[in-house]
Each structure stands twice: as structure tokens, then as C-alpha cells.
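A.B. asks: I have a structure here, written as C-alpha cells, and I will follow up with some questions on it.
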Amino acid sequence: MFECRACIGRAARAVTREVLDARTTHRHLISTPRLSIPPSRRRLATSATATTSHDGDSFDIPTSGMSKSGDMRRTSNRPKKTEAALSPRDEKALRTEVEWLKDPKKFADHVHYTLRNNQPDKALDLCRIASRKQDCVVAWNHTIDWHVQQGRYARAIEIYNEMKKRGQFPDSHTYMMLFRSFPQHQTHQGLEFHQHMCTKALKIYTSMNAPDARVKPSIMHTNAMLRLCSLAGDMDALWNVASQIPESGPSAADYRTYSVLIGAIRHAAKAGDGKEVMPQEEYAQKMQKAVNEGRRIWQEVVVKWRGGEVAIDEQLVVEMANLLLISKRMQDWDDVLALVQQTTKIERLIAPVGSPDRTTGHVPREAETVVVEDSEGWVESPANHSFKPVIGPTKDPEKFRKTETMAWVAPGNGLLSVLLDACREMRIPKTAQAYWDELTSKHDVRPDLNNFQSMLRILNINRSSKKAVEVVERMHSLGIKPRNVTYRLAMSACQRDWKNTNIMHNATALIDDMQKHLLYPECQTLECYLSLALQTADGKNIIRAIDRMDPLVHLMRSRIVYGADGVESSEKTHILYKETALRVIKSLIGAIDTLMNRGLVPKTDFAHWSARRSHLQGFVGRSENSVQDQRDR
């Protein structure tokens, strides 16, 4: 071996290299930490061939990752995109943390703490390392839940799939979080997005129903799946899932299940509305079929509720009432009052439709339909008594299981809204006011914004301008802030009451209230106010309206030129506001022209009004050019 000088040199170099390699493997140089190269570790590789260089060094060449042109490709021993590469130092630190957290609960709490510190990658790495030696499903659940709360739906599903691959079996809570990860309400992504999400969720739900599934779906999972089908508008999938619900037991349908089913029927009937292109009679029949389907479900609900097998809540009653309100038949609208009586024991405040004490000739009949038969031959008729008052729960001596006691529904804001909507459809404003007083006084229902706006719609139909102003003033006393649409509804009631001699006084009081409580005036309300003054054909009313609008127009001009302080809006929204505000100013110019052309002001005042008109016209011309430049960008 040591026959020549070259042999001795090779042997010496081999021995010293092994010693140096061993030292650098366990400890980096302190003097040059940034220049020291940490030893590379092979991860997830199955085999490799050691190749020796000309000077005796050994290194690995991943021949499987070499392309024909000689370029390196990504190999299987490198982590995927969803699995960030860990340096040996970081991995050692994480392993140390896991070793000191052998209790699954403490480990899950530590992962939860890591996620609260916005370190999802570290939390996921901890779960990966701990999965090799212990059961850490709760920690994985925390990780999935964090991504769900951040709106990262796809990432949550990826972690769920990785969790299974690492031998961690999902529990019931895992599946519930997965269903929650899908959007639970309509989003701006559109129907295709919800259909895609529904398809993914349906695969997960189907896997839970497999014979060898470790976790079977509970009614909570089923309700979440039904809600996703409803959002996607997939009624076939919805009824397929509903058909698998058992008649009894812990997985039987509850009040949430029926709420989702009835709501899905209404949304499916209104989807792609077709009201503009479909004949009125055909559209009415489409709505009636949906109502009949809901009535059949409600009959099942009442039977189970009366037998103490299921409880009902306000949301379920509101869903059924909203389904009845899409109908074009007065009988269905009137059944809303019967429905409330059936579930809350609040007596009807008006006689039923068809009784001698009830007049209905004043109600417009847009498209009254005949009795509609559905696909299964079921025909709704008064004999069905879908909303007949319930006396009490029935007791079956053969059933010894404990049943829920029947409880009446406590009325709330939702029930008040549907009652007002039903009264509006049937043109019975006095009954609406009676229900309002009944619920707010005797049942301590505190009206919300939707309730007040529903009442304003009734007052609009009834041409009650003074009461509309009083409703807006009452909102302030209850601490409810009116919105733009609130003032539009109230001013619309004033506009319909234009024959009232005090109408301008009521409308001006509404403008005063709007200026006091809104940062910027609502343009459509101002348009209606000016139109109302012109409708009276009284020069004094028109002059008062123009003068009252003058400070508000200054605010609008300031917002057009300088933007809105304290109002966040996109450029598109700002352009739209400019166009609407300029339309109001043009209406103001038109009102000045009306004063002069009809001789509603003395000729001696023409110079004053001409100057005001020229000032406004010049501003409109400059602003229109600015809007056009913004649109051309």
C-alpha cells in the first residue's frame, strides 16, 4: 500500500477527510457561520448511487431527476409545494419541542398557541413530526380550523388529505370544520364557484357514508351538506342527501334540516327568476308548485312537533312564511297569519280570507292561479289544514323514549317582518299596525332596521307621509341609524301623498332629518323631493325646495371635486356617485327653468335666477368633462 509517495499521499488524504467530515457534520465553524455549508440530508428517497470523483470524493447524482438535455429536474426526494423544506437545525428544534409535548392535549394547545401567533407553517410542521409517534388529531383539527377561519378553503382540504396520509384518522369535528370551510352564504364568485365547492363537499360526505367509514355523518354534517347544495342550486343532490336521513334516532331531521329544505325550495323557485321573460300565469304556477312542496314538508314538521319529536324555532317559521309570500294567491299570503297563530299562539287580528267579515276587492290580482297539481299528484286545498292551530303533543303509550315537550315559538324581529310583508301584499295597513303594536308592546320585540323599513313600505302604499316621518324619528329614539334606502322609502311615501296640503312640510322635515344624520345627502331622495315640489305646481313650494337643497348641493359639489372624507369607495363607485349627483343638479336647473318659463316668479327676479342657473350649469359642464376623462382612463 505504501510502495510509493503517491500511495502514502492518497492514504493520508483519505484519513484526514473522514475526520474533517465527521467534525463538520456535528458542529459548524464558529468563526465563519455564514460561509459554512450545512450537510445535505436526503429526504424521502428510495435509492441512490454513490459516484466517486477523480480525487476520491463521494457525492450523489440524482440521475432520475436529469432531463435528456442534462438539466436538473425536481426529484421526489424534495418536498412538495404544500410541504416547505426544513433545515436540519429547524427540524431538530421542532423535534425537541415535540419530545417535551408527549401529552396530546398539551401538544394540541401548543399548536393552537402557534397558530394564534400566525405561524401556520410551523404548526403544520409540528403536526407532521408528531404524527410519526403519537395520535394528534386535535392538533390537526386546530390547523385546519385556522385555515378555515382565514378563508383558505382549498388549503384546508389539502391539509385534511395530508392528515389521512400520515395515519391520523379524522374525527367528527374534523368533518364539521371541513363543511364549514366551504362558503355558507352567497359570495361574489358566482354560481359556478358554489357548484364546484358543492361537488368537493359531496365527495367528503359520500366517503362518510361508506360501509367502512370510521365516522358516520350526524345531523349536523347533513345540515351543512344540505346548505351547500342549496347555495349551489343543486336540488337533485339536495334531495339525494335528504333521502338518506333516518326517520328517527340521533341522526333524524331537526328544525335546522327543515329550515334548509324549505329555504332551498324558495331559492330554487326564485333562481333565474324568469319573471321578465316568462308569461305571468306560467310564472305564478312555478311559484305555486314551490309553495305546495313546502306545505307538504310543513305538514310533516307539525306532526313531529305535535308528537314532541322535533322542536321548531323562529327561523323555521320565517322560512315557511317567506315561501308562502312568493305565491301570487291571497290565500297563501293570508296563511302567513295562520302560520304565526299556529306556532306562537298569537291570535289572528283579522278575519280569514273567504269569511263574510273580510273584504278583498281592493287587492290587485296580478296573476291569480287556479289549483296547481304537482308531479306526484298532490293538490293543495283548504281541507289539508296545513296551518290549523295545534292543541298539544300526543303521547304514544307504545313509545317509552323520552320526547321533547312542545314549546311555542317566541316572536322576534323575523316574525314581525314577515307579518308586515304579508299585510303589505294584502293591503291591510291597519292590521299591520295592530301586529306591530301587539309584538312590540305585549311581546317585548324591539324593532330593528328591517322592521322599520317594512313599515315604511306599507306606509308608502297607504300614502301616509306624516306617519313615515314619525317612523324615521322613532328610529333615532331607539338608537337605530337610518340608511340611504330608509330615506328613499320615506320620501317615496311623501311623493305618493302629493295631494296632501301639508306634504311639503312633511317632506322638508324628512330632508332636515337626513341632513342631520347622514354625512352626505342621498341623491335619489333629493330628486324625489324636488319632483314632489314640481308636482304641486306651486311657485312658493318650488322656491322653498330649491333654497332648502342649496346647502346640500354644496356638499354634493364638494364631494364631486374633492372626494368623500370618511367614506371608503372605489373609483368606479365614485364615478357613479358623480353621475348621480350631476343628475340631481341638472334637475335643479330644470326646476329653475320651470319657475321662469311658467312665470311662477316675478320678472324682476329673473336676473337672480338666471345667475344661479348659469353658476350651476358651468359646474355641470366642467364636472361632466372630468367624469368622461376618468372613464376614458
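Every read-out reported here was derived from the displayed coordinates using simple, explicitly stated rules and does not represent laboratory data. These numbers come from a predicted model, not from an experiment. With ideal geometry, Cβ positions are generated from the backbone for all residues, glycine too; neighbour counts draw on all protein chains shown.
A.B. asks: How far, in nm, would the chain grow between Glu347 and Arg306 when pulled straight, counting 0.36 nm per residue and subtracting the alpha carbon separation?
C.D. replies: 12.9 nm
A.B. asks: Here's another thing I want to ask about it. Using only the alpha-carbon atoms, what does the range 567-633 span along each of its principal axes? Please give whole angstrom values in decreasing order.
C.D. replies: Projected onto its principal axes, the Cα set of the range 567-633 covers 45, 18, 18 Å.
A.B. asks: Could I ask something else about it? Calculate, in nm to one decimal, what Glu282 and Thr594 gain on full extension: separation in residues at 0.36 nm each, minus their alpha carbon distance.
C.D. replies: Stretched fully, the Glu282-Thr594 segment lengthens by 107.7 nm.
A.B. asks: Using the basic label-point model (7 angstrom from Cα toward the beta carbon), what is the Lys164 to Lys516 distance in nanometres?
C.D. replies: Calculated label separation equals 6.3 nm.
A.B. asks: Could I ask something else about it? Between Val627 and Gln119, what FRET efficiency follows from the Cβ-Cβ distance if R0 is 51 Å, with the result rounded to 0.05?
C.D. replies: 0.60
A.B. asks: Can you give me the three principal axis dimensions of the range 444-544 from its C-alpha atoms, in Å, biggest first?
C.D. replies: On the principal axes, the range 444-544 reaches 46, 30, 18 Å in Cα extent.
A.B. asks: Let me ask something else about it. Which three extents, in whole angstrom, do the alpha-carbon atoms of the range 120-162 cover along their principal axes, largest first?
C.D. replies: 31, 18, 14
A.B. asks: How many percent of the alpha carbon pairs in the range 519-632 exceed a separation of 16 Å?
C.D. replies: Summing the P(r) tail past 16 Å for the range 519-632 gives 60 percent.
A.B. asks: What residues qualify as long-range amide H neighbours of Val310, i.e. H under 5 Å apart, gap of 5 or more or another chain, H built at 1.01 Å from N?
C.D. replies: Those lying under 5 Å, H to H, from Val310 are Trp305.
A.B. asks: In the range 199-236, which trypsin sites (Lys or Arg not before Pro) are in a loop and have at most 11 other Cβ atoms within 10 Å, using DSSP for the loop call?
C.D. replies: Arg214
A.B. asks: Counting only Cα atoms, I'd like the Rg/Rh figure for the range 186-288, Kirkwood definition for Rh.
C.D. replies: Here Rg/Rh amounts to 1.05.
A.B. asks: R0 = 30 Å: FRET efficiency of Asp135 with Trp408, Cβ-based, nearest 0.05?
C.D. replies: 0.05
A.B. asks: As a footprinting exposure proxy, order Glu319, Glu282 by other Cβ within 10 Å, with the fewest listed first.
C.D. replies: Glu282, Glu319
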